[in-house]
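Note sheet for the following structure.
The values are calculated or read from the model by the stated rules, or taken from the named source; none is laboratory data. These numbers were taken from a predicted model, which means no experiment stands behind them. Cβ placement follows ideal geometry from the backbone for every residue including glycine, while neighbour counts extend to all protein chains displayed.
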Amino acid sequence: MIGKRLKRLSPAISHAYIQLIMELDERISEISATQLQKQLKCGPGCDGCCIQFSVLPLEAAIVAEAAVAKNVTAENNGESCSLLKDGLCSVYEVRPVICRTQGLPLAYIDEEAGAIEVSACPVNFPDDYPLSHDELMFMDSYNGRLAQLNVQYCTENDIDCSVRIPLADCVC
């Protein structure tokens, strides 16, 4: 179990991560409160986006700590995330950034092309759905802050910050 090898977060990194998550959740609430609310079909039991993937060591440490506290075990769910229990996330309160934003229309700035790239759940948004600028969840600043916090965490704990950790490895 990799979770046992990951170190606890320092108070400074923990505080900064919590602040990042609070700001992210606030923006998600703002987007969800718009006319998009009718489009969003995500909710308890909607787990189509919950697949096996990996996270940064920082978020792996957070998930591992919560999993230990809740005595969560990984389940063999085939292609689905091993943290799903009966279609629900067993570490929902501390789910990684990628999980928090699934289902939303995610936007990224492509500076080379001078364009905005949008990725949206096809269940919520068909290809021809007209998304406005205000309805987009711009991820670049959030991802940048997360990456910086991960570098700090990894530097403090002598961990290779380029490594990604499968979520299944965060639990027993």
* Just one of the numbered conditions (1) among the hydrophobic types (A, V, I, L, M, F, W, C); (2) outside any loop (DSSP other than H, G, I, E, B); (3) closer than 29 Å to Q148 by Cα is not true of C49; which one? -> (2)
* Structure fact -> Subset of the stretch 103-123, residues surrounded by fewer than 18 Cβ atoms within 10 Å (Cβ to Cβ) and either assigned to a loop (DSSP other than H, G, I, E, B) or free of Cβ contacts under 8 Å to residues at least 12 places away in the same chain (or both), comes to D110, E111, E112, A113, G114, A115, E117, P122, V123
* Asked: Within the stretch 24-46, is even one residue surrounded by 15 or more Cβ atoms within 10 Å (Cβ to Cβ), at pLDDT 95 or above and not basic (K, R)?
  -> yes
* Evaluate the following for S80: is it at pLDDT 90 or above, surrounded by fewer than 21 Cβ atoms within 10 Å (Cβ to Cβ), more than 26 Å from G144 (Cβ to Cβ) and among the hydroxyl-bearing types (S, T, Y)? => yes
* Pick out the one residue from S14, S29 that is within 16 Å of Y142 (Cα to Cα) and in contact with a Lys or Arg (Cβ under 9 Å, 6 or more places away or on another chain). => S14
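State yes or no: is Y129 farther than 15 Å from I28 by Cα and in contact (Cβ under 8 Å) with a residue 40 or more places away in the chain?
When the stated conditions are applied, Y129 passes them.
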